[in-house]
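Chemist: Questions regarding the structure given below will be posed in turn.
The values are calculated or read from the model by the stated rules, or taken from the named source; none is laboratory data. Note that this is a predicted model, so its numbers are computed, not measured. All Cβ positions, glycine included, derive from the backbone under ideal geometry; neighbour counts span all protein chains shown.
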Amino acid sequence: MSNISLENKKILIVDDEPDVLDSLEELLDMCTTTRAQNFEEAHHLLETQNFDMAILDIMGVDGYQLLETAKKKNILTVMLTAHALSPENIKKSYLGGACSYIPKEEMINIETFLIDVLTAEKQGKNPWTSWYKRLASFCDEKFGPDWDKDEKEFWEKMIYY
């Protein structure tokens with residue numbers, strides 16, 4: 001069991017849906033959260049403040065462009081999505097430098113996913129390995145059992161590098 005905690009971590013949460021922001025704030029009440037509801041606000045916060053982590057919605061706030069900014073600032077970033085849920089977007093998130101990709105259906109487990117990322121970072125390990133262990137069956141259900149077979153070499157490298 002990990003002794004990693006989210007206690008006192010400063011986390012930027014970005015989503016265009018106020019109810020999602022409210023839910024994330026409740027789920028992450030052990031953290032100091034800062035919320036943004038649009039690209040401009042989020043970009044400004046990323047440029048002017050320090051964060052331990054960022055949770056970025058993909059759609060509605062241009063999450064991939066925000067991911068570029070977060071990566072330049074060395075902020076551990078998790079992508080969150082409902083509408084952009086696809087193997088292609090998982091791959092794009094990974095290649096863009098995200099540490100994890102969480103379907104909004106799994107948002108209730110956000111604390112676990114963030115601890116996985118922090119643990120992997122502390123241990124110098126790949127955060128996508130624990131992501132795959134937690135969400136492979138979810139992806140099998142959503143995309144079919146062969147969702148990661150087309151680019152098998154990529155998926156294996158992503159998970160086990």
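Chemist: Assuming K125 fulfils every condition listed in (1) modelled with pLDDT under 90; (2) loosely packed, with under 14 Cβ neighbours inside 10 Å; (3) outside any helix (DSSP H, G or I) apart from one, which condition is it?
Modeler: Single failed check for K125: (1).
Chemist: Out of all the residues in segment 20-36, is one or more surrounded by 17 or more Cβ atoms within 10 Å (Cβ to Cβ), closer than 29 Å to W155 by Cα and of a type in the set (G, A, S)?
Modeler: no
Chemist: Further, regarding this structure: If a residue has to be in contact with a Lys or Arg (Cβ under 9 Å, 6 or more places away or on another chain), of a type in the set (D, E, K, R) and outside any helix (DSSP H, G or I) to count, how many in segment 55-112 make the cut?
Modeler: 1
Chemist: Which one is farthest from L114 (Cα to Cα) among residues in segment 41-54 that are in contact (Cβ under 8 Å) with a residue 40 or more places away in the chain and part of a loop (DSSP other than H, G, I, E, B)?
Modeler: Filtering segment 41-54 for residues in contact (Cβ under 8 Å) with a residue 40 or more places away in the chain gives 50-54.
Of the ones still in play, those that are also part of a loop (DSSP other than H, G, I, E, B) are 50-52.
On the way: N50: 17, F51: 14, D52: 11 Å.
Within segment 41-54, the match that is farthest from L114 (Cα to Cα) is N50.
Chemist: Take segment 58-87 and flag every residue that is out of contact with any strand residue (DSSP E or B) (no Cβ under 7 Å at 6 or more places or on another chain) and in contact (Cβ under 8 Å) with a residue 60 or more places away in the chain.
Modeler: P87
Chemist: Output the residues belonging to segment 1-40 that are part of a strand (DSSP E or B) and in contact with a helix residue (DSSP H, G or I) (Cβ under 9 Å, 6 or more places away or on another chain).
Modeler: I11, L12, I13, V14, T33, T34, R35, A36
Chemist: Residue pairs, Cβ under 6 Å, 6 or more apart or interchain, first in segment 133-161 and on the phi > 0 side of the Ramachandran plot, second at pLDDT 90 or above and in a loop (DSSP other than H, G, I, E, B). List them.
Modeler: Close Cβ pairs (under 6 Å, with a partner that is at pLDDT 90 or above and in a loop (DSSP other than H, G, I, E, B)) do not exist here.
Chemist: Given the conditions (1) among the hydroxyl-bearing types (S, T, Y); (2) more than 26 Å from N3 (Cα to Cα); (3) touching a residue at least 40 places away in the same chain (Cβ under 8 Å), and given that T119 satisfies all but one, which numbered condition is not satisfied?
Modeler: Result: T119 passes all but (2).
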